[in-house]
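Below: one structure, written as structure tokens.
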Amino acid sequence: MSDATRISLTRFLIEQQREHGQINANLRLLIEVVARACKRISIAVNKGALGNILGSADTENVQGEIQKKLDVVSNEILLEDNEWGGYLASLASEEMDDPHSIPQHFPKGEYLLVFDPLDGSSNIDVNISVGTIFSVLRAPEGVEDPDESAFLQPGVKQVAAGYAIYGSSTMLVLTFGQGVYAFTLDRVEGSFKLTGSNLRIPEETSEFAINMSNMRHWQAPMKQYIEELLAGKTGPRGRDFNMRWVASMVADVHRILTRGGIFIYPRDMKDPSKPGKLRLMYEANPMSFIVEQAGGAATTGLERILDLQPEKLHQRVPVFLGSKAEVERVSQYHRDAQA
């Protein structure tokens with residue numbers, strides 16, 4: 001397909017609304033505005049040092065993590081672009097303690113937007129791929145000013161999820177619960193074009209993504225699984241595995257969506273008070289929705305991520321997602337250890 005005949009994101013969304021009844025007008029507008037915000041973030045990322053956005057902002061987010069300048073900029077872009085459209089009841093960001101209320105002079109809508117404005121921000125200063133992750137939920141009926149409790153819905157309640165990856169090209173990956181679609185930003189036209197439909201993750205894989213520096217802190221079933229992979233052809237798996245680790249969830253999951261693999265961020269004993277590293281609402285739920293829609297699986301090692309009932313907005317969980325056979329194998333090791 002030539003660039004001239006590729007379907008734009010706008011046309012794709014209108015066709016999903018008009019011909020398939022999969023989305024309504026407000027959800028279409030929401031996704032279009034999120035995509036526009038991602039284009040603005042992409043421009044800021046690409047400017048790098050020229051845009052004076054590298055380095056620390058000398059502030060901390062709600063998790064006590066030092067924010068990068070681009071964390072703050074990306075968060076502001078997503079808030080500014082989305083609060084006035086009339087399709088949202090409230091927004092929640094990984095970078096903010098509490099939900100962001102829609103200003104009183106703007107109309108309110110039926111959806112809630114949850115986002116990680118800049119995933120993998122530790123990679124910004126070394127020019128490695130980063131991204132934006134987002135999730136869309138329905139606001140509870142009759143709630144005029146949603147508080148944190150309105151957002152505490154299990155992942156199966158998501159009506160849409162997606163991510164943008166800012167790499168050698170900028171891509172937007174979306175699901176509405178009927179398959180996964182990929183769009184690439186045409187910088188000449190300034191629009192996202194459809195470049196992948198009904199993406200599928202291979203069930204089997206020989207690649208894994210994990211931070212090996214934490215191995216000494218892992219629980220026994222996690223160590224067992226990785227030791228089997230590292231043993232290669234002479235081990236119980238009878239074949240070699242390759243490790244890939246970008247330290248940006250968006251980049252690691254995008255690779256898995258493209259060619260298969262398993263991404264793991266397990267619970268460890270480095271800080272026993274934390275059940276995991278990644279955030280359920282901002283990272284695990286949207287990525288699990290996408291991965292499952294692409295034929296993969298996503299668990300905490302013990303249960304399906306999308307079935308979890310969130311207890312708080314910034315809740316953390318262990319994450320195992322990607323090719324179905326590998327996710328099931330390592331999850332079984334953890335279930336057996338609990339038996």
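Please give the number of the condition ILE124 fails out of (1) in contact with a strand residue (DSSP E or B) (Cβ under 7 Å, 6 or more places away or on another chain); (2) modelled with pLDDT of 95 or more; (3) within 28 Å of LEU313 (Cβ to Cβ).
All conditions pass for ILE124, except number (2).
Please specify each residue of the range 173-191 satisfying the condition of being within 18 Å of the chain's Cα centre (by Cα) and either of a type outside the set (Phe, Trp, Tyr) or in the same structural domain as GLN293 (by TED's automatic domain parsing) (or both).
VAL173, LEU174, THR175, GLY177, GLN178, GLY179, VAL180, ALA182, THR184, listed by residue number.
Quick check: anything in the range 160-174 over 30 Å from PRO107 (Cα atoms), touching a residue at least 40 places away in the same chain (Cβ under 8 Å) and touching a Phe, Trp or Tyr at 6+ places or on another chain (Cβ under 7 Å)?
yes
Please go through the range 191-217 and give me each residue that is assigned to a loop (DSSP other than H, G, I, E, B) and within 15 Å of MET171 (Cβ to Cβ), ordered by number.
Of everything in the range 191-217, those that are assigned to a loop (DSSP other than H, G, I, E, B) and within 15 Å of MET171 (Cβ to Cβ) turn out to be SER197, LEU199.
What are the residues in the range 301-329 that are closer than 28 Å to MET96 by Cα and of a type in the set (A, V, I, L, M), if any?
ILE305, LEU306, LEU308, LEU313, VAL317, VAL319, LEU321 - these are the residues of the range 301-329 that are closer than 28 Å to MET96 by Cα and of a type in the set (A, V, I, L, M).
Going residue by residue through the range 201-208, is there one that turns out to be hydrophobic (A, V, I, L, M, F, W, C), within 19 Å of GLY295 (Cβ to Cβ) and in contact with a helix residue (DSSP H, G or I) (Cβ under 9 Å, 6 or more places away or on another chain)?
Yes, the range 201-208 contains at least one residue that is hydrophobic (A, V, I, L, M, F, W, C), within 19 Å of GLY295 (Cβ to Cβ) and in contact with a helix residue (DSSP H, G or I) (Cβ under 9 Å, 6 or more places away or on another chain).
At pLDDT 95 or above, of a type in the set (A, V, I, L, M) and over 17 Å from MET249 (Cβ atoms), is that true of ALA161?
Criteria not met by ALA161.
So how many residues does the range 179-216 have that are over 18 Å from ALA35 (Cα atoms) and touching a residue at least 12 places away in the same chain (Cβ under 8 Å)?
17
Table: residues versus (1) aliphatic (A, V, I, L, M); (2) at pLDDT 95 or above; (3) surrounded by fewer than 18 Cβ atoms within 10 Å (Cβ to Cβ); (4) touching a Phe, Trp or Tyr at 6+ places or on another chain (Cβ under 7 Å).
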| position | (1), (2), (3), (4) |
| --- | --- |
| PHE183 | no, yes, no, yes |
| ARG187 | no, no, yes, no |
| SER197 | no, yes, yes, yes |
| ARG200 | no, yes, yes, no |
| THR205 | no, no, no, no |
| PHE208 | no, yes, no, yes |
| ASN211 | no, yes, yes, yes |
| PRO221 | no, yes, no, yes |
| GLN224 | no, yes, yes, yes |
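Of the numbered conditions (1) over 22 Å from GLY120 (Cα atoms); (2) modelled with pLDDT of 95 or more; (3) not hydroxyl-bearing (Ser, Thr, Tyr), PRO272 satisfies every one except a single condition; which is it?
Evaluating PRO272 over (1) over 22 Å from GLY120 (Cα atoms); (2) modelled with pLDDT of 95 or more; (3) not hydroxyl-bearing (Ser, Thr, Tyr) leaves (2) as the failure.
Just for the range 29-47: of the residues that are over 17 Å from LEU91 (Cα atoms) and touching a residue at least 60 places away in the same chain (Cβ under 8 Å), which one is farthest from the chain's Cα centre (by Cα)?
Step by step, filter the range 29-47, then rank; the result is ASN46.
Could you please tell me which pairs satisfy a Cβ distance under 8 Å, a separation of 6+ or placement on different chains, a first residue in the range 13-28 that is more than 18 Å from SER197 (Cβ to Cβ), and a second residue that is assigned to a loop (DSSP other than H, G, I, E, B) and charged (D, E, K, R)?
That search, which allows pairs on different chains as well, returns ASN26/GLU110.
The values are calculated or read from the model by the stated rules, or taken from the named source; none is laboratory data. Note that the structure is predicted; figures quoted are calculated from it, not measured. Here the Cβ is made from the backbone with ideal geometry for all residues, glycine too, and neighbour counts use every protein chain on show.
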